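Engineer: I'd like to ask you about the structure that follows.
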Amino acid sequence: MSIHGNTVLIANRGEIAVRIMQACTDLGLDFVALYTEEDRLSGHVDAARKLGGDKAVYRINNYLDAGDILSVADQAGATAIHPGYGFFSENYRFARRVSERDRPMTFIGPSWRVIRDLGDKINTKRLARGLGVPTVPGSDRAIYDEMEAETIAENLFEFQANMGIKRPVVLVKASAGGGGMGIDEVEDMARFRQTYRRIRNYSLRTFNDEGVLIEQRVFNFNHLEVQIVSDRSGKNPVHFGTRNCSVQSPGLQKRIEVAPGFWPQALRYEFDATRVIDDITGYSLSIAREIDYDNVGTWEWIVTPDGKPFLMEVNTRIQVENGVSADIASVRGDGNVNLIREQIRIGLGEPLGYTQKDVSFDGVSIEYRLIAEDTENGFAPWVGRIDELKWTQHDWLSVHTHVPLDRPYQIPTEYDPNLALAIIRGADLEEAKRRGLEFLADLRLSGVDSGGGAMKSNIPFLQDRTENLLEF
């Protein structure tokens, strides 16, 4: 089928909005971009006017106002909506509304049923276990009975003790919660009973559901991801390798991502790293096939120091770090891989057109998230004006940013102070690290806050953490 004639409304902002515009342009598709009053000076608005003209730019009140977004879609004659990441990207109700309204449009992401089913962590865990996929030890359904909860907790403490864990810890979580809400950890059964009751009551008050999840707390692990791509048939998913996202802020927000997830070619691991990568890609594909996954998605894993992988969750959207996976991939020898472009193309109904044997990988890619934040003060967001953002062009470097390069830019306090993504390619890990440090040292990034103080960024943190990438 031909995808031409579609107009894609981009329901997002910043760097991802720019990349979606560029992908639409590559595919010969019209697009519609949105911005709020706070974002009127963002570079994504400049890019929209440059690539699509004034008719491609619409102002809205809020990126989270579904009615406003759909009203613009109708006004502009959009036939599809791309949610980017964050905002509505994993909201199955929004996806269903887009596709089942009186004037239906295509939601560029998985079908709403897939988003709903994999967005439910309990359902995902149950589905995984039914396929023999390892998940974090603990309950695979909400627990409402205190005696049953105690039995699960006792078994988890015993399991960890048998594994030689010196300080066993059990997580107690509100099953209806999210984003770190309604979660605590306990180290013994005496405290467990008290915590279980408190979390249950909190969950009932906050979510009108007193179900509780009980899981093992895993402290020392690497965070790996598997990138899956599948067309609307849901029958032929392929993987685009693994990423390691273990360099994070204290709040567990990713700061550096590396593809592939391990590098056994030059680093020594206490386990068979190649087998772990093969296992988690195979497990991820088995779930994708079982649920007829029909767009891009990321399977998130934790791997323990002895090489045991556990599935954490599935993110049913494009990820910030998609570019590092694309950077080391080729399809039938063509290294011009763009996963956002693939997402749009298959989202609009084109068949994938290749199989796993057509996908190959070469080299190492590192992504740095450049953020205005004070890493010595709890990674607190820095607020102020960016006066300069410049870098030297290299054929091994790509930088994605919404910060205008031709004028000062006031960071809107309403949004995260993410400034840019830098993706660095190397033939191997050492070359990628060397080039990454060269980029960071050469980068010119400056600004001032309202009191005239110099800007804070995470560049020193990124430099410091580059040395030990992919080590365990």
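The values are calculated or read from the model by the stated rules, or taken from the named source; none is laboratory data. Just so it is clear, the structure is predicted and the values come from calculations on it, not from any experiment. Cβ atoms come from the backbone with ideal geometry, glycine included; neighbour counts cover every protein chain shown. Side chains are part of the model used for accessible areas, which takes the heavy atoms of the whole protein and leaves out ligands, DNA and RNA. Shrake-Rupley method; radii C 1.70, N 1.55, O 1.52, S 1.80 Å.
Engineer: Roll a 1.4 angstrom probe over the protein heavy atoms and tell me the percent of accessible area of the chain that is carbon or sulfur. All intermediate terms of the calculation are to be shown ahead of the outcome.
Structural biologist: Values: 9310 of 20300 Å².
Ligands and nucleic acids excluded, carbon and sulfur give 46 percent.
Engineer: With the cut-off at 24 Å, report for the stretch 7-108 the share of all Cα pairs above it, as a whole percent.
Structural biologist: 12
Engineer: Read phi for every residue in the stretch 22-28 and hand back ³J(HN,Hα) as whole Hz from Karplus 6.51 cos²θ - 1.76 cosθ + 1.60, θ = phi - 60°, with x for Gly and Pro.
Structural biologist: The phi angles translate into 5, 5, 4, 4, 4, 8, x Hz.
Engineer: Among 153-159, 225-231, how do they line up from the highest to the lowest mean number of other beta-carbon atoms within 10 Å?
Structural biologist: 225-231, 153-159
Engineer: Can you pull the three principal axis extents for the Cα set of the stretch 84-129, in Å, largest first?
Structural biologist: Computed over the Cα atoms, the extents are 39, 20, 13 Å.
Engineer: Then there's this: Among the trypsin sites (Lys or Arg not before Pro) in the stretch 292-387, which ones are in a DSSP loop with at most 14 other Cβ atoms within 10 Å of the Cβ? Mind listing them?
Structural biologist: 332
Engineer: For the pair residue 437/residue 159, report the inter-label distance in nm, with labels modelled 7 Å from Cα in the Cβ direction.
Structural biologist: Going by the 7 Å Cα→Cβ label model, 4.1 nm.
Engineer: Round to a whole angstrom and tell me the spacing of the C-alpha centers of the stretch 415-437 and the stretch 222-277.
Structural biologist: That distance is 16 Å.
Engineer: Still on this structure, please answer the following. Strictly greater than 15 Å: what percent of every Cα pair in the stretch 85-189 meets that? Spell out each step's value before the answer.
Structural biologist: Values: 3938 of 5460 pairs.
Cα-Cα pairs in the stretch 85-189 separated by more than 15 Å: 72 percent.
Engineer: Counting only protein chains, not ligands or nucleic acids, how are 188, 395 ordered by accessible area (probe 1.4 Å), most first?
Structural biologist: The most accessible residue leads, giving 395, 188.
Engineer: To make sure I understand the rule: partners must be lysines, Cα under 30 Å from the Cα of residue 235, and not fewer than 8 residues away in the same chain. Which ones qualify?
Structural biologist: Result set, ordered by chain and number: 121, 125, 308, 357.
Engineer: Can you compute the helix-only [θ] at 222 nm over the chain? Use -39500 (n - 2.57) per DSSP H run of at least 4 residues, normalise by all residues, nearest 500 deg cm²/dmol.
Structural biologist: -10000 deg cm²/dmol
Engineer: Then there's this: Spin-label point model (7 Å from Cα, Cβ direction): what's the residue 414 to residue 450 distance in nm?
Structural biologist: 1.7
Engineer: Quick one: accessible surface of residue 163, probe radius 1.4 Å, all protein chains present, in square angstrom to the nearest 10.
Structural biologist: Looks like 80 Å² after rounding.
Engineer: Show me 34-40, 81-87, 284-290 ranked by packing, highest mean number of other Cβ atoms within 10 Å first. Intermediate values should be presented prior to the final figure.
Structural biologist: Values: 34-40: 17.1, 81-87: 22.1, 284-290: 20.1.
Per-residue Cβ counts within 10 Å, averaged per peptide and sorted highest first, yield 81-87, 284-290, 34-40.
Engineer: From zero up to wherever the largest Cα-Cα distance of the chain sits, split into 20 Å bins and tell me the percent of pairs in each.
Structural biologist: Cα pair-distance distribution for the chain, in percent: 23, 56, 21, 0.
Engineer: Still on this structure: Using alpha carbons only, how many degrees (0 to 90, rounded to 10) separate the axis of helix 43-52 from the longest principal axis of the chain?
Structural biologist: Value to nearest ten degrees: 60.
Engineer: A further question follows. Compute the Rg to Rh ratio over the stretch 137-216 from the alpha carbon atoms, using the Kirkwood formula for Rh, and round to two decimal places.
Structural biologist: On the Cα set of the stretch 137-216, Rg over Rh gives 0.96.
Engineer: Follow-up. What number, in percent, do you get for the relative contact order of the chain if the mean sequence gap of Cα pairs under 8 Å and at least 6 apart is divided by its residue count?
Structural biologist: The normalised contact order for the chain reaches 14 percent.
Engineer: How big is the shadow of the Cα convex hull of the stretch 222-466, averaged over all directions, in nm²? Working shown, then result.
Structural biologist: Numbers: hull surface 56.2 nm².
The orientation-averaged projected area of the Cα hull of the stretch 222-466 comes to 14.0 nm².
Engineer: Sequence gap at least 6, Cα distance under 8 Å: using those rules, report the relative contact order of the stretch 106-249 to the nearest whole percent. All intermediate terms of the calculation are to be shown ahead of the outcome.
Structural biologist: Numbers: 188 pairs, mean separation 28.6, N = 144.
Contact order relative to length: 20 percent.
Engineer: Which ³J(HN,Hα) values, rounded to whole Hz and listed in residue order, are derived for the stretch 256-270 from phi using the Karplus coefficients 6.51, -1.76 and 1.60 in 6.51 cos²θ - 1.76 cosθ + 1.60 with θ = phi - 60°, glycine and proline given as x?
Structural biologist: For the stretch 256-270, the Karplus curve yields 9, 10, 10, 10, x, x, 9, 9, x, 4, 9, 10, 9, 10, 7 Hz.
Engineer: Write down the accessible area per residue of the chain in Å², having rolled a 1.4 Å probe over the full set of protein chains.
Structural biologist: Numbers: 20300 Å² over 472 residues.
Averaged over the residues of the chain, the accessible area is 43 Å².
Engineer: Can you pull a Stokes-Einstein diffusion coefficient for the stretch 141-284 at 25 °C (0.890 mPa s), Rh from Kirkwood over Cα pairs, as a whole number of µm²/s?
Structural biologist: Translational diffusion coefficient: 137 µm²/s.
Engineer: Excluding ligands and nucleic acids, what accessible area in Å² is computed for residue 103 using a 1.4 Å probe, to the nearest 10?
Structural biologist: It works out to around 80 Å².
Engineer: Moving on. How much length is gained if the chain between residue 253 and residue 463 is pulled fully straight, taking 0.36 nm per residue apart and subtracting their Cα-Cα distance, in nm to one decimal?
Structural biologist: Result: 73.9 nm gained on full extension.
Engineer: Another question, then. Given the stretch 4-65 reduced to its alpha-carbon atoms as identical point scatterers, what log10 I(q)/I(0) does the Debye formula return at q = 0.20, 0.24 Å⁻¹?
Structural biologist: After summing over all Cα pairs, the log10 values are -0.66, -0.94.
Engineer: Still on this model: Which loop-located chymotrypsin sites (Phe, Trp or Tyr not before Pro) does the stretch 206-275 contain, where loop means any DSSP state but H, G, I, E or B and the Cβ has at most 11 other Cβ atoms within 10 Å?
Structural biologist: 219
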